[in-house]
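A.B. asks: Dropping a structure here in structure tokens format, bear with me for questions.
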Amino acid sequence: MARLSLLNNAGKDAVRQRLQALRQELNLHAHRYYVLDDPILADAEYDRLFQELLALEQQHPELITPDSPSQRVGGTPLAQFKTVPHSVPMLSLENAFGAEALVDFEERLFRFLQSRTPISYMTEPKLDGLAVELVYEEGLFALGSTRGDGLVGEDISLNLKTIPTIPLRLLTRDGGEVPKRLEVRGEVFIGLAEFKKLNEERSKAGEPIFANPRNGAAGSLRQLDPKITATRPLDFFVYGVSDPIALPCRNQHELLTYLGSLGFKVNPLIHLCHSIAEVISQFAQLQSQRPALAYDIDGMVAKVNDFALQERLGAKARSPRWAIAAKFPASQATTRLVAVEFGVGRTGAITPVAILEPVQIGGVTVRRATLHNEDELRRKGLMLGDTVLVQRAGDVIPEVVKPVEENRTGQEQPITMPALCPECGFSLVRAGQEAITRCPNPNCPAQRIRGLIHFTGKSGMDIEGLGKKAVEQLVGQGLIRDIPDIYQLKVETLAALDGWGEKSAENAVRAIQGSKTPTLAKFLAALGIRHVGEVTAQLLARHFASLARLLSAGEADFLQIEGIGEQVAASLVDYFQDPAVQEMLARLEALGVRVQEEKPDSGGGGGLTGSVFLFTGGLARLSRHEAKARIKELGGQVASGISRKVTHVVLGESPGSKLTKARELGLTVITEDEFLRLIGR
Ligand code: IVH
């Protein structure tokens, strides 16, 4: 008996050791993967180690430790959060707008210190998320809390543990020491791409979407069930500690380096500045970097670098004297929804546009904002007279985010969709399943003008010199009404127009003449037939090779083409049977437009010969049908199941079990973007 239990103990020690080695290795690789974005282990190998850990832990639950990567997700839902006092208050920051405010900030420091000795500053992006505090005891994550009112926060430890960039155990190099107790502070946030995806999923599932990444992060952290939080794409940047006194750091710069060495994610855009002038130029730089960042920031924090100096400066009631938040001009504002105008798109789709009481957002006056389409309008529940939140992100068109319902007075009026086309007066239709109301009049002037803009534009014939403005002008002057009119334009006519000269007129006419021999695919895409984009146009061109052959085809012929369904086939038939279309094509021919014959479908030899693709998850920007058709066109193959023959696994949204298998087999996994590039999109 005694001997047996000894053996057991020895066996148990071996398991304990193996578990420790696994935890250490997995945590190290997770750090390289999530924090450093520099993995050195194949995903499949990581998964294998993880599975081994899970299996061992299942056999020996008594050996599970809190820093095991298996412990990130778990626990039962809470009834409510416990409150936790912060040992050192979590202060906020004073805001500054513009460069002068930063100069003023330094002047205040000089006055307070009664010295003009140069000061060094750390500048850090001001993340727009939620401040949290993480407590580590003996190197182990022990407690995590919200900022709360600065003095007392809420215990959200279970939720914070699910965030892969928050270490469960501090890293040490070469058995180095970790502080007995460490209270770090930083910001939890959601990246912009992840936020978009999260909202798309929520909207598909019929759940309310988050207004912005910050709300998404807040909502996710305030979940009582950590299993839900674990599904949210939360991330974390560290920016400080409650008290640096006991740490081997004399300034903020050393502190951030130190925190990085303990395994925390430090923002790469931090900068050590040696004067306030440098701080100001960093601010400008950060502002120019902002549109390209993967996450939202709302400004820059400048901190006096030296801790001894910070100590001397101290704090006011709610904010330290040694730091300031330099804010970017706001890109959101509230204003009043005065009216809704309805525009008509190229395909006759009625698009609502918000007419707003003018408001300054990020330095420009916004008077109109898009409401996308009727369904979006309904989903947002807007009413005329509402106070609305409007946002401008980067260079994109301003959009109405949501109504501020608290401001309703009862005087607001419902928004009604028009019954008649605002441009031509035709009765509008909302067909079958479509979420969109359309004007059915093919001669509707609004549709015509947009159709012409599409024809000359980049996804059409790409006629240089005939952009949106030029087309609007030409239509406005009655110089073109339809596509053939474009080919009758003369240099003299154009040169006489406002804003045109001899040279630009000559160039435009040369470009028009140069577009007279388009490929069939280009021509078909340019016509703007409903449901026929560039991909479908290519399918058609490959199949029929000539315009004449396509024109003699019927619905059944279209349906034979892989990648073309009933909707597209019906739309093609409708279009080409229309006498007006037939007349237009005849006029184009008479004007010398000669659509090129496509090279016959060789059934291979394209750029993807030898490649075998497999899809997992939904694609966002093209249908699987289109994707498959394009692969075939380029000589590739599409597999229906996983096997070693697959050369590319295309990763869509919410991928299935194929992904896990693909990783196990060590297959190449590519994103949708990479796939689009491969097929030349
Ligand atoms: S330092 C006493 N650094 O801004 C210093 N804060 O208004 C207080 N924030 O609640 C924080 N990025 O949520 C600091 N690099 C950064 C920051 C940052 C974002 C947030 C934080 C804080 C708020 C202060």
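Bear in mind these aren't lab numbers, they're just calculated from the coordinates by the rules spelled out. This structure is a prediction, so every number in the text was calculated from the model and none was measured. Backbone-built Cβ (ideal geometry, glycine too); neighbour counts: all protein chains shown.
A.B. asks: With an 8 Å Cα cut-off and a minimum separation of 6 or more residues, compute the relative contact order for region 208-294 in percent. All intermediate terms of the calculation are to be shown ahead of the outcome.
C.D. replies: Working: 34 pairs, mean separation 16.4, N = 87.
Relative contact order for region 208-294 comes out at 19 percent.
A.B. asks: Once you keep just the Cα pairs under 8 angstrom separated by 6 or more residues, what percentage relative contact order results for region 349-424?
C.D. replies: Dividing the mean separation by the residue count of region 349-424 yields 26 percent.
A.B. asks: Follow-up question, since we're still on this one. Calculate the dipole size of the chain relative to its Cα centre from +1 charges on Lys and Arg beta carbons and -1 charges on Asp and Glu beta carbons; express the result in debye to the nearest 20.
C.D. replies: Using Cβ point charges on Lys, Arg, Asp and Glu, the chain gives about 500 debye.
A.B. asks: Calculate the length of the line joining the C-alpha centroid of region 78-156 to that of region 316-338, in whole Å.
C.D. replies: What the calculation gives is 15 Å, centre to centre.
A.B. asks: Among 642-650, 383-391, how do they line up from the highest to the lowest mean number of other beta-carbon atoms within 10 Å? Don't jump to the answer; show the numbers that get you there.
C.D. replies: On the way: 642-650: 18.0, 383-391: 19.9.
Highest-to-lowest ranking by the protection proxy: 383-391, 642-650.
A.B. asks: Can I ask one more? Once every DSSP H run of n ≥ 4 in the chain is given -39500 (n - 2.57) and the sum is divided by its residues, what mean residue ellipticity at 222 nm do you get, rounded to the nearest 500 deg cm²/dmol?
C.D. replies: -11000 deg cm²/dmol
A.B. asks: So, with +1 on the Cβ of K and R and -1 on the Cβ of D and E, and no other charges, what is the size of the charge dipole of region 233-357 about its Cα centre, to the nearest 20 debye?
C.D. replies: Values: 11 positive and 10 negative charges, 36 e Å.
The calculated dipole for region 233-357 is roughly 180 debye.
A.B. asks: Just to confirm the filter: which trypsin sites (Lys or Arg not before Pro) across region 471-570 are DSSP coil and have at most 10 other Cβ within 10 angstrom of their Cβ? Show your work: numbers first, answer last.
C.D. replies: Numbers: sites: Arg481, Lys490, Lys503, Arg510, Lys516, Lys522, Arg530, Arg542, Arg549; in loops: Arg481, Lys490, Lys516, Arg530.
For trypsin sites (Lys or Arg not before Pro) across region 471-570 that sit outside H, G, I, E and B with at most 10 neighbouring Cβ atoms in 10 Å, the list is empty.
A.B. asks: Could you size up the charge dipole of region 216-259 around its Cα centre, putting +1 on the beta carbon of Lys and Arg and -1 on that of Asp and Glu, and report it in debye to the nearest 20? Intermediate values should be presented prior to the final figure.
C.D. replies: On the way: 4 positive and 4 negative charges, 31 e Å.
Dipole about the Cα centre, nearest 20: 140 debye.
A.B. asks: If the cut-off is a Cα-Cα distance under 27 Å, which lysines reach Lys645, setting aside same-chain residues fewer than 8 apart in sequence?
C.D. replies: Lys628, Lys632, Lys658, Lys661
A.B. asks: So for the chain, averaging the separation of alpha carbon pairs under 8 Å that are six or more residues apart and normalising by length, what relative contact order in percent results?
C.D. replies: The normalised contact order for the chain reaches 9 percent.
A.B. asks: Mind ranking 337-347, 137-147, 624-634 by how tightly packed they are, going by the mean number of other C-beta atoms within 10 angstrom, highest first?
C.D. replies: By packing density, highest mean first, the sequence is 624-634, 137-147, 337-347.
A.B. asks: Can you grab the distance from the C-alpha centre of region 502-554 to the C-alpha centre of region 636-681, Å, no decimals?
C.D. replies: 32
A.B. asks: Among Leu256, Pro403, Leu479, whose Cα lies farthest out toward the positive end of the dipole of the chain, if unit charges sit on the beta carbon of Lys, Arg (+1) and Asp, Glu (-1)?
C.D. replies: Ranked along the dipole, the leading option is Leu256.
A.B. asks: Under the rule that a partner needs its Cβ under 4.7 Å from the first Cβ, which Cys of the chain have none?
C.D. replies: Singleton cysteines: Cys249, Cys273.
A.B. asks: Within straight cross-link reach of Lys82, meaning Cα distance under 26 Å, which lysines are found once same-chain residues fewer than 8 apart are removed?
C.D. replies: Lys161, Lys180, Lys227
A.B. asks: Multiply the residue separation of Ser261 and Leu224 by 0.36 nm, subtract the distance between their alpha-carbon atoms, and state the gained length in nm to one decimal. Let's see the in-between values first.
C.D. replies: Working: separation 37, 0.36 × 37 = 13.32 nm, distance 3.18 nm.
Here the answer is 10.1 nm.
A.B. asks: Just the number, please: percent antiparallel of the DSSP beta bridges in the chain, rounded to the nearest 5.
C.D. replies: Counting only bridges with both partners in the chain, antiparallel ones make up about 85 percent.
A.B. asks: Could I ask something else about it? Could you check what % of the DSSP bridge pairs in region 282-424 are antiparallel, to the nearest 5?
C.D. replies: So the antiparallel bridges in region 282-424 amount to around 95 percent.
A.B. asks: Here is a follow-up. For the pairs Lys197/Lys303; Lys197/Lys380; Lys265/Lys380; Lys126/Lys380, note any where the Cα-Cα span goes beyond 27 Å.
C.D. replies: Those over the limit are Lys197/Lys303; Lys265/Lys380; Lys126/Lys380.
A.B. asks: In region 12-71, if the dipole is taken from +1 on Lys/Arg beta carbons and -1 on Asp/Glu beta carbons about the Cα centre, which of Thr65, Leu26, Ala14 is farthest to the positive end?
C.D. replies: Of Thr65, Leu26, Ala14, it is Ala14.
A.B. asks: Using DSSP to define loop residues, name the chymotrypsin sites (Phe, Trp or Tyr not before Pro) in region 1-105 whose beta-carbon has at most 15 other beta-carbon atoms within 10 Å.
C.D. replies: Here the chymotrypsin sites (Phe, Trp or Tyr not before Pro) that fit, given the DSSP loop and packing criteria, are Phe97.
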